[in-house]
Amino acid sequence: MAILTPNRLVPLAAFILAWVATYMAIQMGKQGKIKIRRIPGLDAIEEIVGRSVEMGRPVFDIIGMGVFTDIYATQTIAGLSILSYVSTLCARLGAKLYAPQASVDVLPVAAEIVSESYRMEGKLEELDIEEQLPYLSGTQFAWASGIIGMAARMRPAGNIMIGPFWAESMMFAESFDRVGAMQIGGTARMYQIPFFAALCDYVLIGEEMFAAGAYVSGDPQQIGSIAAQDWYKLAALALGILGALLATAGVTIIGDFLKM
Amino acid sequence: MDYRRDIPLAITFIVGVIAVLDYYTTLEAVTNTFTVIKNWGVVLQAFALGLGAVNLFRVHGKRVSERTRDDWMFSAWLLLMLVLFVVVGLGTGQYDASTQYAWIYNALYMPLGSTMYSSLAFYMAYGAYKVLRARNFEAALLFITAVLVIIGNTPVFPATYQGFFHMREWIFGPIVSGAYRGIRIGVGIGAVVLGIKTLVGLETGYLGRR
């Protein structure tokens, strides 16, 4: 009996190579050999929190409806990393944070993250976790209408949406735009990116959201790991171009190899 | 050693490695172990559901009792519905399969959900209006492309001249597919690298302690 699952040999090799590339990139990051470009959408988070302090209005951080057990888990983790950063900034600068929740398994983790941020800043007494991180609903449009209502009543100065989003993305982006909130949108769900692009002030496209946690940490090791993504993308690009040229010439060797 | 940090990281690593092995190998021991872990996940989620209900009761119960906001009646309605669904589901003994439960769901929740979903048309129209204002060259290009796609999607135009349909197909094919796949590859790679970072304990943002 074969130990490896059929047709997953190449994906396994690719996964191991990704692991090696990430390790190498981290080592290079430690040595300060890796510099990354600025990501305006992530730089703007501090501006949003500062704006809300000046205006005396709250900041919303919405991490989407994802859970830890589906294929969007990495997006949820990216959203939680940003929540950690946003809550730290809010505690430090004195902005009121609201992060309504839709997933019961993410709720306690999000609550712990925000509590920890406020504790680290010595502002735990300013946090009302149940009021600021309310569980609205686990169903899509009940959750959406809850957030739309909160946006209309509280008129937040800023809204940060990083995580997995579905059809509700358009509702959120427009509702917050209408109350004059400055917005950052970021999702890896392809159909929702145009909605964010249409109405948000800044958009994280594609893999930028996965780099967000590392980027805002400022930790050279983590920043180094972002380089692994680019190396891998270059390899995929080279393979894609080569495969397309060979396939045009009637040679399907690359396609056949990737199916192994 | 920081137990509050290291124990969750160790659990993440062990469970993550088992999940990876389960995907790539056919080892029975791994499959069985991962099935047990998934079952634990289901049990934990059930507990988390109770936590969500408790959160709802505390937040909205407080609003109702204080009546300080002008939306306390919505909180009261939410609590009433929450109790009603639980009582009907448990009372009939058939949970969500009971006729009464299905009636409440279909008569109350479904129309509301459908209404919200249909309202997306207005949100889209507003979004399209915002994005399709030709303020600069790029926006003008987007506007022209959008108009061509709309023409290609509206039956009267391709019926008059088939070229409109082919033009739309060409926009969706070589142009949109190329960009779409580029982003998709980036997303896939980004997710893999973030997954690896989470497994090795480099990505700890989800723990709330850097």
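The values are calculated or read from the model by the stated rules, or taken from the named source; none is laboratory data. Quantities reported herein were computed from a predicted structural model and do not represent experimental measurements. Positions of Cβ are generated from backbone atoms using ideal geometry, with glycine treated the same way; all protein chains shown enter the neighbour counts.
Just one of the listed residues (A:Val114, A:Val86, A:Val104) is part of a helix (DSSP H, G or I), without any contact (Cβ under 8 Å) to a residue 60 or more places away in the chain and in contact with a strand residue (DSSP E or B) (Cβ under 8 Å, 6 or more places away or on another chain), namely A:Val114. For B:Leu78, indicate whether it is out of contact with any His (no Cβ under 7 Å at 6 or more places or on another chain) and not basic (Lys, Arg). No: the conditions fail for B:Leu78. Annotation: of all residues in segment A:45-79 being of a type in the set (Ser, Thr, Tyr), out of contact with any helix residue (DSSP H, G or I) (no Cβ under 7 Å at 6 or more places or on another chain) and not in a loop (DSSP other than H, G, I, E, B), the one that is farthest from A:Ala214 (Cα to Cα) is A:Ser52.
When A:Ala13 is tested against (1) in a helix (DSSP H, G or I); (2) of a type in the set (Gly, Ala, Ser); (3) assigned by TED's automatic domain parsing to the domain that holds A:Ala144, just one condition goes unmet, and that condition is (3). A count restricted to segment A:223-237 and to residues that are facing chain B (nearest Cβ under 9 Å) and crowded, with 23+ Cβ neighbours inside 10 Å stands at 5.
Just one of A:Ala73, A:Ala95 is crowded, with 18+ Cβ neighbours inside 10 Å and without any contact (Cβ under 8 Å) to a residue 12 or more places away in the chain; which is it? Even if it seems obvious, please write down each step before you answer.
Values: A:Ala95 fails: without any contact (Cβ under 8 Å) to a residue 12 or more places away in the chain.
Being crowded, with 18+ Cβ neighbours inside 10 Å and without any contact (Cβ under 8 Å) to a residue 12 or more places away in the chain holds for just one of A:Ala73, A:Ala95, which is A:Ala73.
Looking only at helices (runs of 4 or more DSSP H) that lie completely in segment B:148-210, which have at least 2 residues being at the interface with chain A (Cβ under 7 Å from one of its Cβ atoms)? Write out each step before concluding.
Numbers: elements: B:156-160, B:163-170, B:178-199.
Where helices (runs of 4 or more DSSP H) fall fully within segment B:148-210 and carry at least 2 residues being at the interface with chain A (Cβ under 7 Å from one of its Cβ atoms), they are B:178-199.
Among the conditions (1) facing another protein chain (nearest Cβ under 8 Å); (2) in contact with a strand residue (DSSP E or B) (Cβ under 6 Å, 6 or more places away or on another chain); (3) of a type outside the set (Phe, Trp, Tyr); (4) in contact (Cβ under 8 Å) with a residue 60 or more places away in the chain, the only one that A:Ala197 does not satisfy is (4). Within segment B:33-45, being more than 20 Å from A:Arg8 (Cβ to Cβ) and loosely packed, with under 12 Cβ neighbours inside 10 Å holds for B:Val36, B:Asn39, B:Trp40, B:Val42, B:Val43.
For segment B:180-202, what are the residues that are under 22 Å from the mean Cα position of the chain (by Cα), closer than 17 Å to A:Ile223 by Cβ and not hydroxyl-bearing (Ser, Thr, Tyr)? Even if it seems obvious, please write down each step before you answer.
Keep residues of segment B:180-202 that are under 22 Å from the mean Cα position of the chain (by Cα), which gives B:180-181, B:183-195, B:198.
Next cut, closer than 17 Å to A:Ile223 by Cβ only: B:189-190, B:193-194, B:198.
Within segment B:180-202, B:Ile189, B:Gly190, B:Val193, B:Leu194 qualify.
Taking the conditions exactly as written (under 24 Å from A:Ala167 (Cα atoms) and at pLDDT 90 or above), does B:Thr99 satisfy them or not? Judged against the criteria, B:Thr99 is not a match.
Restricting to segment B:96-109, name every residue that is surrounded by 11 or more Cβ atoms within 10 Å (Cβ to Cβ) and either of a type outside the set (D, E, K, R) or over 19 Å from A:Ser137 (Cβ atoms) (or both). Correct list: B:Ser98, B:Gln100, B:Tyr101, B:Ala102, B:Trp103, B:Ile104, B:Tyr105, B:Leu108, B:Tyr109. Kindly indicate whether any position in segment A:50-69 is surrounded by fewer than 21 Cβ atoms within 10 Å (Cβ to Cβ), acidic (Asp, Glu) and over 30 Å from B:Val59 (Cβ atoms). Looking through segment A:50-69, none of the residues is surrounded by fewer than 21 Cβ atoms within 10 Å (Cβ to Cβ), acidic (Asp, Glu) and over 30 Å from B:Val59 (Cβ atoms). Taking the criterion of being out of contact with any strand residue (DSSP E or B) (no Cβ under 7 Å at 6 or more places or on another chain), free of Cβ contacts under 8 Å to residues at least 60 places away in the same chain and closer than 29 Å to A:Ile193 by Cβ, would at least one residue in segment A:54-63 satisfy it? No, every residue in segment A:54-63 fails to be out of contact with any strand residue (DSSP E or B) (no Cβ under 7 Å at 6 or more places or on another chain), free of Cβ contacts under 8 Å to residues at least 60 places away in the same chain and closer than 29 Å to A:Ile193 by Cβ. The number of residues in segment B:20-32 being surrounded by 14 or more Cβ atoms within 10 Å (Cβ to Cβ) and more than 28 Å from the chain's Cα centre (by Cα) comes to 4.
Please list, ordered by residue number, the helices (runs of 4 or more DSSP H) wholly in segment B:27-139 having 1 or more residues that are within 11 Å of another protein chain (Cβ to nearest Cβ).
Values: elements: B:28-66, B:72-91, B:99-104, B:110-118, B:120-131.
The qualifying helices (runs of 4 or more DSSP H) are B:28-66, B:72-91, B:110-118, B:120-131.
Among B:Ile189, B:Ile183, which is touching a strand residue (DSSP E or B) at 6+ places or on another chain (Cβ under 7 Å), free of Cβ contacts under 8 Å to residues at least 12 places away in the same chain and not assigned by TED's automatic domain parsing to the domain that holds B:Ala19? Being touching a strand residue (DSSP E or B) at 6+ places or on another chain (Cβ under 7 Å), free of Cβ contacts under 8 Å to residues at least 12 places away in the same chain and not assigned by TED's automatic domain parsing to the domain that holds B:Ala19 holds for just one of B:Ile189, B:Ile183, which is B:Ile183.
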